[in-house]
Each structure stands twice: as C-alpha cells, then as structure tokens.
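Asker: Next up is a structure, given as structure tokens.
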Amino acid sequence: MAFQDYKPWLGITGSRWIGLDNFERIFQYKEATQAIVNTLIIAVSKIIVGIIVPIVMAILLSEIRNMGIKKSVQTLVYLPHFLSWVTVAGLMIDILGLDGGINHILTQIFGNDPIYFLGDPDLFRFTVVISDVWKSFGFGMIVYLATIAGINPSYYEAAEIDGATRRQQIRYVTLPSMLPMIIVISTLSLGNILDAGFDQVFNLYNPLVYSTGDIIDTYVYRSSLLNGQYGFGTAVGLFKSGISLILIVVSYRLAYKYANYKIF
C-alpha cells in the first residue's frame, strides 16, 4: 500500500503502483515534516526527563528510613501507571481547562488571566511531557530502587568510616553503582525516539495545537483513516517503522558494548 495510490474498492492488486511517490510527499508536505519534528522534540524530551526523574526519586526514596512512609510513597507514585490515557486525559482536561482547578487558583489567588494549557501551542509540548513523566516515572523508579537495594552495604559502611556524608555517599557510591543500569535504559530508549505516545497525544490534542502537538502517529491517523490517503498514510507509518527498527538495533549494540547487556 505504501507504494501504491491505494483505493479500497480496487484492493492491493487493483490499485495503481506509484513507486516512491508517497515517500517523496512526506518531505514535500509541510504538515508531514512538522509532525516528524514534533515527534522528535516530544519523544526526546520524554526520554531525557523520563530518565532523570526516576533516578532522582529512587535516590530520595531510598534515603527514607521509615518503611511505612517509604512504601506509601512508592505505592502512590506507582498507581498512575495503571491508569489509561483516556482516564488521565479526562482528568487533565478538567484540571487544565479554562474553568479547571489550576486556572481557578491562578485567577482567584494570583489574579492572572486563565491559561488554556491544552490549546496553547507554546505550552502543549510541556504539558504532554510533564503529564507523561507523572504517569510513568513510578514504574521506572522501581528498576532503580532494585539496583540501589542490590548495592553491597559494606560500600556505605566503608564510606561512612572514611567520614563521607550522606550526599557524598550518594555521589561516590550510589550513582556509580547505578551507572550500568542507567546506561542500559538510556541506550534502549533510543528505540523509542520516534514514539511520542499516540494514546496520550490523541486524547489531549486539538486543531489549535497541530503546529506543535501533531506527531507522526496522529498525522497518519488523520491522513489515512480520516482523509482517505491510505497509501500516503501507510508510507509515513512504514518510514517511522524503518527508522525505529534501525534505532532499536543500534541501541542494543550500544547496550551490549557499554553495559554488556544482551537478550540473545
């Protein structure tokens, strides 16, 4: 279909073959190139913030000595992972809407004008990244907590005998011990560099933020299923899949080279 002017009533065998025309149109249409740029910006931002926040939270949580508080916090930050994006998007629309709780605080307490977070192109990417981190960092934090729990306690004892403070123990013991896992997760994340999260964006975006919020997946959905450009939409999806496959292979090679991580 990606190499055809596909018509559903003609099928694959009856539709006209047009070679690479659909792929050439990807870089000729401003909307398509903008969707690729938006995807890269949103996905890379999610990867960077999504790695830093779980690391910081895992270190902070590991420093809590009260097990009751520690387990409660861990459970609370882990729960959003189980919510669907349909549910989270509904909550966000209510909270971030012009009449939502955030704008109520801004207008009533600070006297600011209401801000349409989900309708402002300049704020939409930020809103998408922050909401994704809030939903998923609890799940990612578990991996780092397990890594910290596996650190030999004698390292901390030796550091304490040498007069190291808690901050110095984190810097010279905890972080170096976490480094192999950080490298593995960071390199494997390269495979998701073109995955900005269709479920999330589709449930949050609107025509007002197409310029900064339209990603490859939502563009494929609109161009193929809504506008009937099935061949072109398939070409965009195939282009994304090909690049993603290359990035996944590269990421696994890097993970094996720098962290000795391999599946097969």
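The values are calculated or read from the model by the stated rules, or taken from the named source; none is laboratory data. This one's a predicted model, so the numbers in the text were calculated from it and none came from an experiment. For neighbour counting, all protein chains shown are included, and Cβ atoms are generated from backbone atoms with ideal geometry for every residue, glycine included. Surface areas here come from the heavy atoms of the whole protein model, side chains and all, with no ligands, DNA or RNA. Shrake-Rupley method; radii C 1.70, N 1.55, O 1.52, S 1.80 Å.
Asker: What's the carbon and sulfur percent of region 149-264's accessible surface, probe 1.4 angstrom, rounded to a whole number?
Answerer: The computed percentage sits at 62.
Asker: Follow-up question, since we're still on this one. Measure nothing but the geometry: give the 0 to 90° angle between the long axis through the Cα atoms of 67-78 and the longest principal axis through the Cα atoms of the chain, rounded to 10°.
Answerer: 10 degrees
Asker: Using the crude model of +1 on Lys and Arg Cβ and -1 on Asp and Glu Cβ, and no other charge, please compute the dipole size for the chain relative to its Cα centre, in debye to 20.
Answerer: I would put it at about 720 debye.
Asker: What number comes out for accessible area per residue over region 70-172 if the probe is 1.4 Å? Units Å², please.
Answerer: On a per-residue basis, region 70-172 sits at 63 Å².
Asker: Relative contact order (percent) for the chain, with alpha-carbon contacts under 8 angstrom and 6 or more residues of separation?
Answerer: Once divided by the residue count of the chain, the mean separation gives 30 percent.
Asker: Place +1 on the Cβ of every Lys and Arg and -1 on the Cβ of every Asp and Glu in the chain, take the dipole about the Cα centre, and give the residue among I151, L118, G90 whose Cα lies farthest towards its positive end.
Answerer: The residue sitting farthest along the positive end of the dipole is I151.
Asker: Can you run phi through the Karplus equation (6.51, -1.76, 1.60; θ = phi - 60°) for region 163-176 and list ³J(HN,Hα) in whole Hz, with x for Gly and Pro?
Answerer: These are the phi-based 3J(HN,Hα) values: x, 6, 6, 4, 5, 5, 5, 5, 5, 9, 10, 5, 4, x Hz.
Asker: Give the residue list of trypsin sites (Lys or Arg not before Pro) in region 12-83 that are DSSP loop and have at most 14 other beta-carbon atoms within 10 angstrom.
Answerer: R65
Asker: Once you charge only the Cβ atoms, +1 for Lys and Arg and -1 for Asp and Glu, what is the size of the charge dipole of region 1-61 about its Cα centre, to the nearest 20 debye?
Answerer: Computed about the Cα centre, the dipole is about 80 debye.
Asker: Report in % the part of the accessible area of region 27-94 that belongs to carbon and sulfur, leaving out ligands and nucleic acids; probe 1.4 Å.
Answerer: C and S fraction of accessible area: 72 percent.
Asker: In addition: Most fluctuating residue of T165, T127, T39 in a GNM of the chain with Cα springs under 10 Å: which is it?
Answerer: So, out of T165, T127, T39, the one fluctuating most is T165.
Asker: In region 33-113, which chymotrypsin sites (Phe, Trp or Tyr not before Pro) fall in coil by DSSP and have 10 or fewer other Cβ atoms within 10 Å?
Answerer: Here the sparse-neighbourhood loop sites are F110.
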